[in-house]
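Some notes on the structure that comes next.
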Amino acid sequence: MTGNHTAQEPKHKRDLTRRKVVVAGAGAAAAVGVGGTLAAGAFAGESGTKGAKASASSSSTAAEACYKLTSETTEGPYYIDADKLRQDITEDKEGIPLTLRIKVIDAESCKPVGNAAVDIWHCDALGLYSGYESFSNGGGGGTPPTDAPSGTPTAVPSGTPTGEPPAGGGGGGHEEPTSDTRYLRGTWRTDRKGFVTFKTIFPGWYQGRCVHIHTKVHVSGAWTDAGYEGGTTCHTGQFFFDEETVLLSAEAEPYSTSTTQRTTLDEDTIYDQSGTTGGLLKLKYKKNDIAKGVQATITVGVDPEATNTGT
């Protein structure tokens, strides 16, 4: 990140030495079981891999990925601390089915990091974050929060995006949720081989940012009947999608209805252009029918002894 964006990082500091996850409804927990990832064919799009397209982001070899720490980024203003313990975070949101399979490893030893708590969160197909819908109308109908001082109006009456790119996932101070919605957010544990799988939808986009997913990895905590408690945050990052795939997704509904100007991967101020190390996902799907679903995989190299809260 540039010095300019470092200056825009959130100023608040929150104590992450004690964290607590509110367990989702029994139906969601029972569907995935405790402690394991889902079967390979459990999510939409996973059965149709013949003739599937793999993105250019797969160029790094496993050995290269193993010995590199995955890039750290800011958490952005829309993080809600481990609110839902679940693997299926879709709820009722429409969009291209996305299966995200993450492997967490110790970047120094290359050993899998098991029993870690992994958070992911992202916007919906039209650029809205759950808990923060009031900050943007989605589809280009408003302006997401900027880095203006607290209390300063950040929207413009015309509904036309202006000024600097918004904080949404980049810089900017943390914003408190303004609604009780929690779609497209979830936390789950890695298995003994370091894997965790989420079911969600392909994210959309909003002013100033390319298509991305936020993530955090927490270690050294305890899984209890109440959820995940204690520990430290050893990684805060973002996952990214190659341009060819995003362009194909934009042709499908409801993405095709968005009127928001899209920031490309090359233009994004958070992605560091380093491929897998920077969070670029390996993607598979039927190129002529992406609406059927996308499989995304990545190995995340972390330092379990480090603290990277993203603030």
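Some points to look at:
- Considering the stretch 300-311, and only residues there that are over 14 Å from the mean Cα position of the chain (by Cα) and surrounded by 19 or more Cβ atoms within 10 Å (Cβ to Cβ), the residue that is farthest from LYS68 (Cα to Cα) turns out to be THR309.
- Scanning the stretch 156-178 for residues that are in contact with an Asp or Glu (Cβ under 9 Å, 6 or more places away or on another chain), surrounded by fewer than 17 Cβ atoms within 10 Å (Cβ to Cβ) and modelled with pLDDT under 50 turns up at least one hit.
- Unmet requirement for GLU251, which otherwise passes all of (1) under 15 Å from ASP81 (Cα atoms); (2) open to solvent by 10 Å² or more (accessible area, probe 1.4 Å): (1)
- Residue within the stretch 256-263 that is on the phi > 0 side of the Ramachandran plot and crowded, with 20+ Cβ neighbours inside 10 Å present: no
So that you can scan it fast, the table gives a plain yes or no per residue for (1) of a type in the set (Ser, Thr, Tyr); (2) at pLDDT 95 or above:
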| site | (1), (2) |
| --- | --- |
| THR232 | yes, yes |
| VAL246 | no, yes |
| TYR255 | yes, yes |
| GLU305 | no, yes |
| THR311 | yes, no |
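- Scanning the stretch 190-215 for residues that are assigned to a strand (DSSP E or B) and either open to solvent by less than 10 Å² (accessible area, probe 1.4 Å) or out of contact with any strand residue (DSSP E or B) (no Cβ under 6 Å at 6 or more places or on another chain) (or both) gives VAL196, THR197, PHE198, THR200, ILE201, TYR206, ARG209, HIS212, ILE213, HIS214, THR215.
- Among residues of the stretch 216-230, those that are modelled with pLDDT under 95 and either acidic (Asp, Glu) or open to solvent by less than 20 Å² (accessible area, probe 1.4 Å) (or both), counted: 5
- Looking across the stretch 278-294 at every residue that is open to solvent by 30 Å² or more (accessible area, probe 1.4 Å), of a type outside the set (A, V, I, L, M, F, W, C) and out of contact with any Gly (no Cβ under 6 Å at 6 or more places or on another chain), the one that is nearest to ASP81 (Cα to Cα) is identified as LYS282.
- Some residue of the stretch 243-258 being hydrophobic (A, V, I, L, M, F, W, C), within 17 Å of the chain's Cα centre (by Cα) and more than 25 Å from THR187 (Cβ to Cβ): yes
- Scanning the stretch 263-299 for residues being modelled with pLDDT of 95 or more and under 20 Å from ILE96 (Cα atoms) gives a total of 20.
- Flag for ALA291 being more than 17 Å from the chain's Cα centre (by Cα), more than 19 Å from ARG189 (Cβ to Cβ) and assigned to a loop (DSSP other than H, G, I, E, B): no
- Among the residues of the stretch 102-137, none is identified as open to solvent by less than 10 Å² (accessible area, probe 1.4 Å), closer than 18 Å to GLN261 by Cα and not in a loop (DSSP other than H, G, I, E, B).
The values are calculated or read from the model by the stated rules, or taken from the named source; none is laboratory data. Bear in mind the structure is a predicted one, so any value in this text is a computation, not a measurement. Don't worry about glycine lacking a Cβ; one is built from the backbone with ideal geometry, like all the others, and counts go over all protein chains shown. To get the accessible areas, we keep the full protein, side chains included, count just its heavy atoms, and leave off ligands, DNA and RNA. Shrake-Rupley method; radii C 1.70, N 1.55, O 1.52, S 1.80 Å.
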